[in-house]
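Taking it in order: structure first as structure tokens, then the write-up.
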Amino acid sequence: MHSRIVGTGSYLPAQVMSNAELAQRVDTSDEWIRTRTGIRQRHLAAPDEKTSDLALAAAREALTAAGLAPAAVDMIVLATTTPDMVFPSTACILQDKLGTRNGPAFDVQAVCSGFVYALGLADLMVKSGQARNALVVGAEIYSRILDWNDRGTCVLFGDGAGAVVLAPASEPGILSTHLHADGHYRDILAVPGTVAHGEVSGTPLLTMEGNTVFKFAVKVLAEVAHEALAANGLTTAAIDWLIPHQANIRIMDATAKKLHVPLERMVTTVDRHANTSAASIPLALDLAVRDGRIRSGQHVMLLGVGGGFTWGSVLLRW
Ligand code: UT7
């Protein structure tokens, strides 16, 4: 038994904030942001939108693409670092909003690697026959955990959601998944706050050592891609589409260069979406599927990296 993605979907909130608008709030410029990160704009959730709302819109689109009714979903794995609330999980809230009651629903917390982690878990569940139609979602509202006075971080992130439906298949589908973590690096990217005794303690806003994160990301993204290729007896020439986490165009370009993958074979959304954390990979995947770039039989390499630190790959044959 194998698993295969049978539908993709995405959702971006209506409000778009350009770099120029951001430069009115904080000491930065369109030129600095574009040249250092490749970002031109980001989408921002409306005040009444919750992560589960973004997830719902993306999930509905993925289900429509798969030709499935919500009632067919028998597992929901939702990757997010910005859940609606402490509990219940955003996956359970999404399940209720979809109007379904089948199977397990749970969140995965692996920050920007969350979607790759979630897909890896769903793959195991589908392959083992424990789930037939798994909904795998990455959904984030980072605009609510940013310090909008910190130019070093607030320019980098955006809000959005992406989703896929994973179903059993006689041919793979998902060829391999490789997941990693190294908690020694837990301090270089964090929201070091918590809720305790009825109050927020610590800092409930994103903190980051940008340069350390940058170097770490370039190193592990290339490593984990090689690990996936070796496990499948393939070389980098076999990669038809590279979909790395959309953090910074310089990290993405450096990764593609290390892997000798031409930039034309990398899917890029960071310019329009900025870094949407766990949503960035499914958003980019959905875009490239819908615009016809990703075609049947092609190899697609998904590469995640994020806080924890966590990183991982999913290699697919489409
Ligand atoms: O999912 C993972 C999430 N995180 C990331 O992917 C972040 C990875 N890191 C990066 O993308 C880069 O390190 C940044 C984009 C955050 C920073 O780029 P950099 O080329 O590493 O710049 P820097 O931190 O070395 O800063 C260079 C200068 C500094 O000024 P001085 O000290 O040279 O005078 C900063 O204060 O740029 C300044 N700076 C800014 N200037 C204008 C930092 N942020 C800004 C800004 N606008 N937004």
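The values are calculated or read from the model by the stated rules, or taken from the named source; none is laboratory data. If you're wondering where the values come from, they're calculated on a predicted model, not measured in any experiment. We place every Cβ from the backbone using ideal geometry, glycine too, and count neighbours over all the protein chains shown. Only protein heavy atoms, including side chains, enter the accessible area calculation; ligands, DNA and RNA are left aside. Shrake-Rupley method; radii C 1.70, N 1.55, O 1.52, S 1.80 Å.
Among all the lysines, which ones have a C-alpha under 22 Å from LYS50's C-alpha, if same-chain residues fewer than 8 places away are not counted? By straight Cα distance, LYS50 reaches LYS97. The residues of region 2-171 have, on average, 40 Å² of accessible surface per residue, using a 1.4 Å probe with all protein chains present. In this label model, MET85 and SER296 are separated by 4.6 nm, measuring between points 7 Å along each Cα→Cβ vector. Looking at the chain, the DSSP beta bridges with both ends there are about 75 percent antiparallel. Remark: the Cα gyration tensor places region 100-249 in the oblate category, a/c being 1.5 or greater and a/b not exceeding b/c. Across region 64-73, rounded Karplus estimates of 3J(HN,Hα) from the backbone phi angles (6.51 cos²θ - 1.76 cosθ + 1.60, θ = phi - 60°) give 4, 4, 7, x, 10, 7, x, 5, 6, 6 Hz, Gly and Pro being marked x. Positive-end ranking of LEU44, VAL6, ALA62 along the dipole of region 1-127, with charges on Cβ about the Cα centre, is headed by VAL6. In this rough spin-label picture, where each label sits 7 Å from Cα along the Cβ direction, the ASP27-THR194 distance is 3.5 nm. For ALA110, the amide hydrogen comes within under 5 Å of the amide hydrogens of THR80, counting only partners 5 or more places away or on other chains and with H modelled in the peptide plane. If you add up the charges near VAL26, with Lys and Arg at +1 and Asp and Glu at -1, over every other residue whose beta carbon is less than 12 angstrom from its beta carbon, what do you get? Once all neighbours under 12 Å are counted, the net charge is -2. Qualifying trypsin sites (Lys or Arg not before Pro) in region 151-219, where qualification requires a DSSP coil assignment and no more than 15 other C-beta atoms within 10 Å, comprise ARG186. Treating r as the C-beta distance of GLU264 and SER170 and R0 as 41 Å, the FRET efficiency rounds to 0.80. Here region 190-235 and region 77-119 have alpha carbon centers that stand 19 Å from each other. Apolar share of the accessible surface for region 2-171: 51 percent from carbon plus sulfur atoms, 1.4 Å probe.
Binning the alpha carbon pair distances of region 175-317 at 10 angstrom intervals from zero yields the distribution 11, 41, 31, 12, 4, 0, expressed in whole percent. Applying the criteria of a DSSP loop state and at most 16 other Cβ atoms within 10 Å to the trypsin sites (Lys or Arg not before Pro) of region 238-318 yields ARG293, ARG295.
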